[in-house]
Amino acid sequence: MVFGILVLAYVVAMIWAIGASWGAIGRVDATPDTPSPGDASGKNILMIGTDSRDDLTDEERAELKTGAVEGARADTIMLLHLPDGGGEPMLVSLPRDSYVEIPGFGFSKINAAYADGGAPLMVATVEQATGLPIDGYLEVGFDGFVDVVAAVGGVEMCLDEPIVEERSDLDLPAGCQELEGKDALNYVRMRYADPRGDLGRVERQREFLSSLVNKMTGPGTLFVPWNLHDAGTATGSSLTIGDDTSMLDMYGAMQGMRSISNGDGMSVTVPIADANYSTAAGSSVLWDEAGAAELFNALRTDSPLTIEP
């Protein structure tokens, strides 16, 4: 009898925590006007990190070294593919300077799609460039990213070498350390001190995001109602998802990221032909046409890759 009451209380507490977390998440219309590429195997979740500073105070902008640029562009663009039948997920980075066609605007850097038309145009651009239907949409801004990392108490990163970037005041020693606040934000944004520029940055972003989700979904958070409530509501209030993105989509995305963090999945960058391609939009990233087609076709059909991205 007592055991049954305790189980019931636990279930009610978990429902409360999950409901509060889900209710805290913002919503946005992310459905494009352009036709979808059509049915494909698995599910594809588009994850966007914007450089919006609109919700930051002047003091926070100064502390985080974000600058004062108005408006927003997609600072980070990742595609999470969840295959049918429980296969290994794949996280694909699309460099923000990728030179692609933006529907209605012509060729430009892919991150301009968000500035030109928000989430719907961002989704339309990625669908057109990859040939993959987007089944879910997730977005976080500068302030939200910092809040999410703070909600889990920081994320451990292990650096082979020290990182110093005067532009952002980033100064990290070699070795393992917990990153949060401006250090976490500038670590995932830093590219000027990275010899590989944006290509090195997207690798750090995938590694950091995988570790962040792994910590968020650990048993100490996921199965303890009050911890889940505190972390979930803090995280939820920092996120925006598409109107058509379901709770099941979000759960699948978290599980997929956790699998990748544990080594049970792949984490890649779209194949690149030229990382410094001269265009009217400035120095851009040109995809390797054959390699990118191979990658996206493998995702569309849930087939193994025959080339190394």
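The values are calculated or read from the model by the stated rules, or taken from the named source; none is laboratory data. What you see is a predicted model, and the numbers here were worked out from it, not measured in a lab. Quick reminder, even Gly has a Cβ in these numbers, built from the backbone with ideal geometry, and neighbours come from all protein chains shown.
Within region 51-87, the set of residues being under 24 Å from Ala113 (Cα atoms), modelled with pLDDT under 85 and crowded, with 18+ Cβ neighbours inside 10 Å comprises Asp51, Ser52, Arg53, Leu56, Thr66, Ala72, Arg73, Ala74, Asp75.
When every residue of region 196-207 is checked against the conditions, at least one turns out to be among the β-branched types (Val, Ile, Thr), farther than 24 Å from Arg27 by Cβ and crowded, with 16+ Cβ neighbours inside 10 Å. The condition of being assigned to a loop (DSSP other than H, G, I, E, B) and closer than 25 Å to Leu46 by Cβ holds for only one of Arg167, Arg204, Arg191, that being Arg191. Every condition in (1) more than 23 Å from Ser283 (Cα to Cα); (2) part of a helix (DSSP H, G or I); (3) under 17 Å from the mean Cα position of the chain (by Cα) holds for Lys182 except the one numbered (3).
Answer yes if at least one residue in region 297-305 is crowded, with 20+ Cβ neighbours inside 10 Å, more than 23 Å from Ser108 (Cα to Cα) and among the charged types (D, E, K, R), and no otherwise.
In the first step, residues of region 297-305 are kept if they are crowded, with 20+ Cβ neighbours inside 10 Å; the result is 299-300.
From what is left, the residues that are more than 23 Å from Ser108 (Cα to Cα) are 299-300.
Then keep just the ones that are among the charged types (D, E, K, R); that gives 300.
Scanning region 297-305, I find at least one residue that is crowded, with 20+ Cβ neighbours inside 10 Å, more than 23 Å from Ser108 (Cα to Cα) and among the charged types (D, E, K, R), so the answer is yes.
With respect to (1) farther than 30 Å from Pro35 by Cβ; (2) polar (S, T, N, Q); (3) in contact (Cβ under 8 Å) with a residue 40 or more places away in the chain; (4) touching a strand residue (DSSP E or B) at 6+ places or on another chain (Cβ under 8 Å), the lone exception for Ser168 is condition (4).
Which of the residues spanning region 237-258 are small (Gly, Ala, Ser), part of a helix (DSSP H, G or I) and either free of Cβ contacts under 8 Å to residues at least 24 places away in the same chain or surrounded by 20 or more Cβ atoms within 10 Å (Cβ to Cβ) (or both)? Within region 237-258, Ala253, Gly256 qualify. Among residues belonging to region 152-168 that are under 18 Å from the mean Cα position of the chain (by Cα) and of a type outside the set (A, V, I, L, M, F, W, C), point out the one that is surrounded by the fewest Cβ atoms within 10 Å (Cβ to Cβ). Out of the qualifying residues, it is Glu156. For region 2-20, taking the residues that are at pLDDT below 80 and surrounded by 15 or more Cβ atoms within 10 Å (Cβ to Cβ), the one that is nearest to Leu121 (Cα to Cα) is identified as Ile18.
In region 264-309, which residues are among the β-branched types (Val, Ile, Thr) and more than 19 Å from Leu199 (Cα to Cα)? Listed by number, the residues that qualify are Thr301, Thr306.
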